[in-house]
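Step one of this worksheet: look at the structure below.
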Amino acid sequence: MLSTRLTNARFLTMDPDHPVAHDLGIWRGRIVGLDEAVTTLPAREVIDLQGATVLPGFIDPHVHLAWTGFKENTVSIAGRTRIDDVLAVVEEAVNQEASPGTWVNMVGYDQRALGRHLTAAELDRVSHGHKVFILHESGHGCVVNSAVLDLLPAGLRHGNGFLAEGAMGAARALRPPYSQRELAEAIGRAARTCLAEGVTACAEAGIGGRLLGHSPVELGAYQLALEEGLLPLRTQLMVSADQLRPVAAHEADRIGRAFGLGMRTGFGDDRLSVGALKIFTDGGMMARTAALSSPYEGLDHAGQLQDDPDVLADTIVAGHLAGWQLAVHAIGDRAADLALDALERAHRLRPRPGARHRVEHAGLIRPDQLPRFARLGVSAVVQPNFLRYFGDDYAAIMGKERAPWLYRGRSFLDHGIPLVGSSDRPVTDGSPLRAIQFMVERASSSGQLIGPDEGITVHEALRAYTATGAFACHWESNLGSLTPGKLADLLVLGDDPRRVDTSRIGDIEVVATYVGGSETERP
């Protein structure tokens with residue numbers, strides 16, 4: 001007997017062998033059959049979906065759940081365009097702190113809205129003895145007051161108060177870590193938001209690192225969230241390469257650096273597992289720290305790498321030799337060159353055809369770099385909503401020649417490169433449907449077309465958030481399509497993305513989400 005039969009729906013399965021179905025049977029959390037294979041079987045529950053469209057649950061292979069959850073409950077200066085208004089918000093937050101000298105953490109900083117960076121001296125006027133840390137919207141920078149600057153090594157004490165990349169990481173490390181309980185609750189808040197948007201599985205993009213880590217025991221917080229029912233999503237945890245430590249393993253293992261007791265990609269189960277090793281090579285376009293091969297339009301610099309190029313390359317090679325899948329953060333084309341060179345070297349030393357290494361973001365990829373992605377079997381994990389919301393700015397700082405290369409779609413597919421959709425939540429809107437709309441029409445929120453030749457079909461965009469997302473996370477045997485034997489993770493939509501006008505895709509209602517055959521509670 002089936003536990004559940006879903007009927008009277010249009011199931012877009014993402015399985016080429018059975019692309020559309022009308023009935024789906026579930027038993028013990030898995031799909032057991034489609035259409036004629038289940039229509040005559042008895043079921044404990046039969047749910048008439050009244051003609052709705054059903055897809056495999058969306059997979060978001062690059063999110064920051066803890067950061068998202070904390071951001072929802074943290075004072076923000078986002079939307080302010082005047083320095084005095086920002087300082088008023090900071091002072092109000094400072095006045096809420098009863099204990100003198102404590103940290104005041106805030107979010108929403110973006111110098112573009114203000115026309116310039118805030119300064120430490122300006123923050124000092126409203127800090128009243130507290131340590132002020134305001135995170136940049138990109139996650140690649142912060143602005144702090146003098147009380148924080150004074151705690152940093154002399155070489156990192158930038159007088160203006162804005163700290164980027166490694167300097168920001170050093171300032172973050174000074175703050176007290178969050179408790180596992182605080183982390184678990186933040187993770188739960190973010191997970192519920194994901195479910196409401198149709199995301200049933202995700203990859204947390206870097207725990208334990210100096211840039212985005214929240215605690216030296218962060219992995220345990222995800223275990224706690226799962227144990228206490230706060231983590232309804234299937235979650236894979238990328239481990240920051242900061243956590244690798246030298247080990248004296250047997251020379252035959254070729255493991256010079258490792259995490260924990262040699263743990264690597266694949267440890268865990270279908271609810272919580274260890275995913276890729278996250279390696280940062282550059283910064284971000286919003287903070288103007290993505291590493292480019294030529295300067296930003298109108299600026300006299302081309303961004304920056306996170307470390308010495310040889311150090312970064314050696315880390316990539318060490319992770320590959322130790323058996324990890326790699327998720328290499330590379331937004332600018334110079335950073336992508338470094339990543340591709342290191343991955344090529346790594347494969348020469350130890351061929352691993354099934355490694356499925358990934359380049360996270362792949363924000364600016366030159367035409368000559370596309371064949372190298374394909375030859376190395378590297379997936380491009382892009383964030384379409386970056387261009388939907390920041391595209392006007394990004395196109396301006398790249399200039400006319402480079403703007404069409406931003407967050408490509410068609411070129412990756414035409415070169416046989418796996419195109420994976422993701423959000424980088426909470427940097428911007430995490431909705432897969434809105435991202436899918438952009439992947440098709442390539443229009444920013446203002447209506448500007450950015451690289452229109454990179455547009456793809458609705459079906460290809462849906463695959464980027466289902467089947468190809470599963471492939472990027474080594475989940476394809478269980479997730480990514482509505483195929484008998486796979487886990488019954490799916491979402492019910494109020495309309496069919498293939499049949500509505502492209503401009504309406506992002507507004508389609510997510511009616512329900514199912515994980516393991518059970519409908520989930522959402523916000």
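Full extension of the chain segment joining E228 with V46 gains 62.5 nm, where the gain is 0.36 nm per residue of separation less the Cα-Cα distance.
Between helix 333-349 and the chain there is an angle of about 60 degrees, using the helix long axis and the longest principal axis of the Cα atoms.
Once the C-beta distance of L114 and N73 is scaled by a Förster radius of 22 Å, the resulting FRET efficiency is 0.40 to the nearest 0.05. Only the Cβ atoms of Lys and Arg (+1) and of Asp and Glu (-1) were treated as charged; on that basis the dipole of the chain about its Cα centre amounts to roughly 780 debye.
Size descriptors for segment 229-359: radius of gyration and Dmax over Cα atoms are 16.2, 52 Å.
Taking the three principal axes of the alpha carbon atoms in segment 413-523, the coordinate ranges are 41, 35, 30 Å, sorted in descending order. When the square roots of the Cα gyration tensor eigenvalues are ordered a ≥ b ≥ c, the ratio a/c for segment 83-179 is under 1.5, which makes its shape rounded.
Given a Förster distance of 35 Å, report the FRET efficiency between R366 and I83 from their Cβ-Cβ distance, rounded to the nearest 0.05. With a Förster radius of 35 Å, E is 0.40.
Taking every Cα-Cα distance in segment 385-478 and sorting them into 5 Å bins from zero, the calculated P(r) comes out as 3, 15, 24, 25, 20, 9, 4, 1, 0 percent. Once the gyration tensor of the Cα atoms in segment 11-158 is diagonalised, the equivalent ellipsoid follows with semi-axes of 54, 16, 15 Å, ordered largest first. If R0 is taken as 56 Å, the Cβ-Cβ distance between R504 and A249 corresponds to a FRET efficiency of 0.55. Cα centroid separation, segment 36-73 to segment 363-409: 30 Å.
A straight Cα-to-Cα reach below 12 Å connects K278 with the aspartates and glutamates E204, D242, E360, residues fewer than 8 places away in its own chain not being considered. Using Cα atoms only, what is the angle between the long axis of helix 83-95 and the major principal axis of the chain, expressed in degrees (0 to 90) to the nearest 10? Compared with the principal axis, the helix lies near 90 degrees.
Take the Cα of A374, go 7 Å toward its beta carbon, and the backbone nitrogen atoms of segment 331-368 under 17 Å from that spot belong to 365-368.
Between helix 180-196 and the chain there is an angle of about 50 degrees, using the helix long axis and the longest principal axis of the Cα atoms. Surface calculation, 1.4 Å probe, protein heavy atoms: E72 sits at approximately 90 Å² accessible. Taking every alpha-carbon pair under 8 Å whose residues sit at least 6 apart, the chain reaches a relative contact order of 16 percent. Extending 7 Å from the Cα toward the beta-carbon at both Q96 and V217 defines two label points whose distance is 2.8 nm. Both radii come from the Cα set of segment 144-261: Rg as radius of gyration, Rh as Kirkwood radius; their ratio Rg/Rh reads 1.06.
If you count, for each residue, the other Cβ atoms within 10 Å and average over each peptide, how do 256-264, 348-356 line up from highest to lowest? Don't jump to the answer; show the numbers that get you there.
Working: 256-264: 15.8, 348-356: 12.6.
With the highest mean Cβ count within 10 Å placed first, the list reads 256-264, 348-356.
Relative contact order, whole percent, for segment 217-288 stands at 33, derived from Cα pairs under 8 Å and 6 or more residues apart. Relative contact order of segment 97-201, taken over Cα pairs closer than 8 Å and 6 or more residues apart, is 22 percent.
Using only the C-alpha atoms, the convex hull of the chain corresponds to 152 Å³ per residue.
Centre-to-centre, using Cα atoms only, segment 104-167 and segment 424-456 are separated by 31 Å.
The values are calculated or read from the model by the stated rules, or taken from the named source; none is laboratory data. Fair warning: this is a prediction, and the values are worked out from it, not measured in the lab. Note that each Cβ is placed from the backbone with ideal geometry, even for glycine, and that neighbours are counted across all protein chains shown. Please note that ligands, DNA and RNA were not included when accessible areas were found on the heavy atoms of the full protein model with its side chains. Shrake-Rupley method; radii C 1.70, N 1.55, O 1.52, S 1.80 Å.
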